[in-house]
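J.: Can you read through this structure? Questions will come right after.
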Amino acid sequence: MAGAASAADLTVGFSQIGSESGWRAAETSVTKQEAEKRKVDLKFADAQQKQENQIKALRGFIAQGVDAIFIAPVVETGWDTVLQEAKDAEIPVILLDRGVKASPDLYMTVVASDQVHEGKVAGDWLVKDVGDKTCNVVELQGTTGSSPAINRKKGFEDAIASHANIKITRSQTGDFTRAKGKEVMEGFLKAENGGKNICALYAHNDDMAVGAIQAIKEAGLKPGTDIKVVSIDAVPDIFQAMAAGEANATVELTPNMAGPAFDALEKFKADGTLPPKQIITESKLYTQADDPMKVYEEKKGLGY
Ligand code: GYE
């Protein structure tokens, strides 16, 4: 009987969304490091945030006959046909950091955070911070139709639902990027009396928050005090902003989704054991009380 397949025998095709945020760049570098460590031949494809490019990449991987496919699906829908093609080719698919609306028998597992919980942690922080003060919140949503944008919105709304003094008064996608986050925040500030009506910003990722912080400063306001800033990812730059008093809280998302994914794949290849349908990564709240510059030093250079 052939020895158990070690990772060194594996070729894995990885369809990455793009490099829209610091967190995404870190996930890419960590995935490449994990592959290198395990001597996996990783075929990398950057989709520049376009679903059609991801579908094309998956078809290329199927044609190449890779042993497995990893994909971070840019949006939740539109995957059934190509996932069925991978299944017909008996190529297991593992989803990284985002989910899909497709039958669970079309993928092996999804390695991701509990994104509803992330939004709830962010909302709970704001509830605690504002007490019974009236607080109008503006929201920068992630990519429209992506599971983190849908779930983080729901979690935050769940957290503030029973607090009538806290309301989301404006909400728009910033597509998870700094540039768009800044642009949309500029619009919010103009529409809300130069920002005087805004008590807090909830951004679905730190990159949009960092862009928005720039806009708040250019409007002559103090981010972190005039407008509280809470976001998700825990990338190094948000800790720099926190140390400067310009951001207040972030919810950590590990960029290492590939480690658990490779572990599940190796186990399956070795003895046929299937992983659970969901492998959920931890979420941790960081605030200005957590020595932000120390965290910044620990995180910088990890590929962000
Ligand atoms: O929060 C953001 C990236 O899919 C959960 O995508 C991930 C999100 C992450 O653009 O920075």
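Every number here is computed from the coordinates shown, using simple stated rules; none is lab data. Only a predicted model underlies this, so the values are computations on that prediction, with no experimental measurement involved. We place every Cβ from the backbone using ideal geometry, glycine too, and count neighbours over all the protein chains shown.
J.: How large is ³J(HN,Hα), in whole Hz, for each residue of the stretch 95-106 in order, when computed from phi with the Karplus curve 6.51 cos²θ - 1.76 cosθ + 1.60 and θ = phi - 60°, using x for Gly and Pro?
T.: Once rounded to whole Hz, the list reads 8, 10, 6, 9, x, 10, 8, 8, 4, x, 7, 9.
J.: Shifting gears a bit: Multiply the residue gap between Asp88 and Phe44 by 0.36 nm, knock off their C-alpha separation, and tell me the result in nm, one decimal place.
T.: This chain segment gains 13.6 nm when fully extended.
J.: At 7 Å along Cα-to-Cβ for each site, give me the label-to-label distance between Glu282 and Lys37 in nm.
T.: Rounded to a tenth, the inter-label distance reads 1.5 nm.
J.: Rounded to whole Å and ordered largest first, report the semi-axes of the equivalent ellipsoid of the stretch 169-304 derived from its Cα gyration tensor (root of 5λ).
T.: 35, 17, 11
J.: So which lysines pass the test for Lys294, namely a Cα distance under 18 Å, with those fewer than 8 places away in the same chain ruled out?
T.: Once the sequence-local lysines are set aside, what remains near Lys294 is Lys284.
J.: Another one. Take Lys196, project a point 7 Å from its Cα along the Cβ direction, then tell me which residues of the stretch 202-224 have their backbone nitrogen under 18 Å from it.
T.: 216-223
J.: Can you tell me how much longer the chain between Ala270 and Asn165 gets when fully stretched, taken as 0.36 nm per residue apart minus their C-alpha distance, in nm with one decimal?
T.: Here the answer is 32.3 nm.
J.: Here's another thing I want to ask about it. Take the alpha carbon atoms of the stretch 172-250, find their center, do the same for the stretch 256-290, and report the distance between the two centers in whole angstrom.
T.: 30
J.: Non-local amide H neighbours of Ile279 (under 5 Å, H modeled in plane, Pro and chain starts lacking H): which ones?
T.: Val110, Val111, Ala112
J.: Continuing with the same structure: Quick check: the angle from helix 258-271's long axis to the longest principal axis of the chain, C-alpha only, nearest 10 degrees?
T.: 20
J.: What's the angle, to the nearest 10 degrees (0 to 90), between helix 206-218's Cα axis and the longest principal axis of the chain?
T.: Taking the Cα atoms of the chain, the angle to 206-218 is about 30 degrees.
J.: When the dipole is taken about the Cα centre of the stretch 59-100, and only Lys, Arg (+1) and Asp, Glu (-1) are charged at their Cβ, what size is it in debye, to the nearest 20?
T.: 100
J.: Ok, one more. Quick one: which residues, 5+ away or cross-chain, put their amide H under 5 Å from the amide H of Phe44? H built at 1.01 Å from N.
T.: Correct list: Phe14.
J.: Still on this model: Can you give the % of DSSP beta bridges in the chain that are antiparallel, to the nearest 5?
T.: In the chain, DSSP labels about 10 percent of beta bridges as antiparallel.
J.: Mind pulling the per residue volume of the convex hull built on the Cα atoms of the stretch 26-86? Å³ is fine.
T.: 85
J.: Can you give me the P(r) profile for the stretch 1-130? Cα pairs, bins 5 angstrom wide beginning at 0, each as a whole percent.
T.: Per 5 Å bin, starting at zero, the Cα-Cα P(r) for the stretch 1-130 comes out as 2, 10, 18, 21, 19, 13, 7, 5, 3, 2, 1, 0, 0 percent.
J.: Continuing with the same structure: Determine by what factor the alpha-carbon radius of gyration of the stretch 65-169 differs from 2.2 N^0.38 Å, reporting the quotient.
T.: Scaled against compact globular proteins, the figure is 1.38.
J.: As an exercise, find the ratio Rg/Rh for the chain from alpha-carbon atoms, using the Kirkwood inverse-distance average for Rh.
T.: Rounded to two decimals, Rg/Rh equals 1.01.
J.: What do you get for the angle between helix 22-37 and the principal long axis of the chain? Use alpha-carbon atoms, 0 to 90 degrees, nearest ten.
T.: 30
J.: Next question, about the same structure. Which ³J(HN,Hα) values, rounded to whole Hz and listed in residue order, are derived for the stretch 188-201 from phi using the Karplus coefficients 6.51, -1.76 and 1.60 in 6.51 cos²θ - 1.76 cosθ + 1.60 with θ = phi - 60°, glycine and proline given as x?
T.: 4, 5, 4, 6, 10, 6, x, x, 5, 8, 9, 9, 7, 10
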